[in-house]
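One structure is given here, and the rest of the page talks about it.
The values are calculated or read from the model by the stated rules, or taken from the named source; none is laboratory data. Computed from a predicted structure; not experimentally measured. Don't worry about glycine lacking a Cβ; one is built from the backbone with ideal geometry, like all the others, and counts go over all protein chains shown. Areas reflect the complete protein model, heavy atoms only, side chains present, ligands, DNA and RNA absent. Shrake-Rupley method; radii C 1.70, N 1.55, O 1.52, S 1.80 Å.
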Amino acid sequence: MHIARRKTKQIQVGSVKIGGDAPISIQSMTIPHTSDVKATLEQIHQLERAGCELVRVAVPNKESVAALPSIKSQMTVPLIADIHFDHRLALKAAAVVDCVRINPGNIGPWWKMMEVVKAVNDHGIPLRIGVNSGSLDRHVLEKYGYPTAEALAESALMTVRALEDADFTNMKVSLKASDVHMAVDAYWHFSNHSHYPLHLGITEAGTAQTGAVKSALGIGWLLMNGIGDTFRVSLAADPVEEVRVGYEILKSLELRRRGITVIACPTCGRVEIDVVRMANELEQRLSHIQVPLTVSVLGCVVNGIGEGKEADIGIAGGQGAGILFKKGKLVRKVPSEELVETLIQEVEEMAKEQQGQIKDSSCASFQTSDTSKRPQVGQVNGGHSPSRLNDIPVLPGIR
Ligand code: SF4
């Protein structure tokens, strides 16, 4: 499947490029109070180890602003300050962080936005305009009566145009709703009329499982249709889980590959090993590996090698002993109780070999975007704005 990404303006958040032909990046947000530097840093370091490429922290008060320099100096990925209501916090944060996220719907009169724009301009950092269904522009809300996808998109477009009138273009945009249909429609509408890079997300998506499904559907649909430059999977869970789900979405769409993908058979009456336990153990114990490798765990040898031939390496269970295979070819028999340890050892060796071959230092990621074939803004679907998802036609490059 070829995914033709829509062409967007490229901006720079610290060391990470967003938009244009930059890889779609994964972000997350910390949970401890930002004023608690130790706890916040601990989580940031966990996120960094999981492959998170941009970290956002909430900045709700002056204690949080005061903590930013210390946090920033002890982390490696770019830092984004998330600010609502009090624009003075943004003015101070702009001197420290790599990007400021602001919600124009709750920041007050326009002159406050202009002060924030001046601050980010002075420090050469971009702004994320975060429009949310819960805090839409008053005039737009009056026009539509209640939050709709069109209202979200119009609110964001109004802000973007007003910022352009003030000669400010160093921005990315998000349009968040917890309703998947509304969020997807809103991004679609906006993307038909603007070339600014988009931060995707389904807000308040839910718990680890519910939120992952909603995010995979909403974010996944948009990415498949070429929309989106960076995203956060919002989960009521450990933020490291957000990063894992994010990479699974990208890996499933073959937009990026990073780390181990464990594929496991669903098991059936032929199963000879504890596939579920083994697959979970492998995912956990191999999570530190960054090179892309597919590892297969199959319950029996009946269809084992055949079913696992897509994998780089794998095991299939048997009576008393299973088999180890690579690229669909039998390597050797292994006693059942040694299968997991043997596989882990082999995967570690393969990862080391592959690491040596990889020149790209960006954690073995790749992107299957063909920018030469990307439609220009406004060319996709002739700017048609469907009101329902099933009105949306198939885009160029999507089969
Ligand atoms: Fe069943 Fe074997 Fe296929 Fe697993 S690999 S689903 S155990 S036939």
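Quick check on my filter: what residues within the stretch 231-244 are hydrophobic (A, V, I, L, M, F, W, C) and surrounded by fewer than 22 Cβ atoms within 10 Å (Cβ to Cβ)?
236, 237, 240 - these are the residues of the stretch 231-244 that are hydrophobic (A, V, I, L, M, F, W, C) and surrounded by fewer than 22 Cβ atoms within 10 Å (Cβ to Cβ).
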Subset of the stretch 156-170 that is touching a residue at least 24 places away in the same chain (Cβ under 8 Å) and open to solvent by 10 Å² or more (accessible area, probe 1.4 Å) - its residue that is farthest from the chain's Cα centre (by Cα):
166
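When the stretch 176-197 is examined, which residues are found to be part of a helix (DSSP H, G or I) and open to solvent by less than 20 Å² (accessible area, probe 1.4 Å)? So that I can check it myself, show each step before the final result.
As a first pass, look at the stretch 176-197 and keep what is part of a helix (DSSP H, G or I): 180-191.
Hits for the stretch 176-197 are 183, 184, 185, 186, 187, 188, 189, 190, 191.
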Within the stretch 9-29, residues assigned to a loop (DSSP other than H, G, I, E, B) and open to solvent by less than 20 Å² (accessible area, probe 1.4 Å) come out as 19, 20, 22, 24
Out of 140, 173, which single residue is modelled with pLDDT under 95 and either of a type in the set (Ser, Thr, Tyr) or open to solvent by less than 50 Å² (accessible area, probe 1.4 Å) (or both)?
140
Taking the stretch 298-317 as the search range and keeping residues that are modelled with pLDDT of 90 or more and in contact with a Cys (Cβ under 7 Å, 6 or more places away or on another chain), which one is farthest from residue 256 (Cα to Cα)?
317
Residue under question is residue 201, and the condition is that it be away from the ligand (no atom under 16 Å from the Cβ) and modelled with pLDDT of 95 or more; does it hold?
no
Taking the residues in the stretch 67-101 that are of a type in the set (A, V, I, L, M), surrounded by 15 or more Cβ atoms within 10 Å (Cβ to Cβ) and out of contact with any Leu (no Cβ under 8 Å at 6 or more places or on another chain) as candidates, determine which candidate is nearest to residue 175 (Cα to Cα).
90
Residue that is surrounded by the most Cβ atoms within 10 Å (Cβ to Cβ), among those in the stretch 32-53 that are out of contact with any strand residue (DSSP E or B) (no Cβ under 9 Å at 6 or more places or on another chain) and under 26 Å from residue 220 (Cβ atoms):
46
Which residues, taken from the stretch 255-301, are under 12 Å from residue 347 (Cβ atoms), open to solvent by 10 Å² or more (accessible area, probe 1.4 Å), within 16 Å of the ligand (Cβ to nearest atom) and among the polar types (S, T, N, Q)?
294
Hey, can you tell me all the residues within the stretch 287-297 that are over 15 Å from residue 257 (Cα atoms) and either β-branched (Val, Ile, Thr) or in contact with a helix residue (DSSP H, G or I) (Cβ under 6 Å, 6 or more places away or on another chain) (or both)?
297
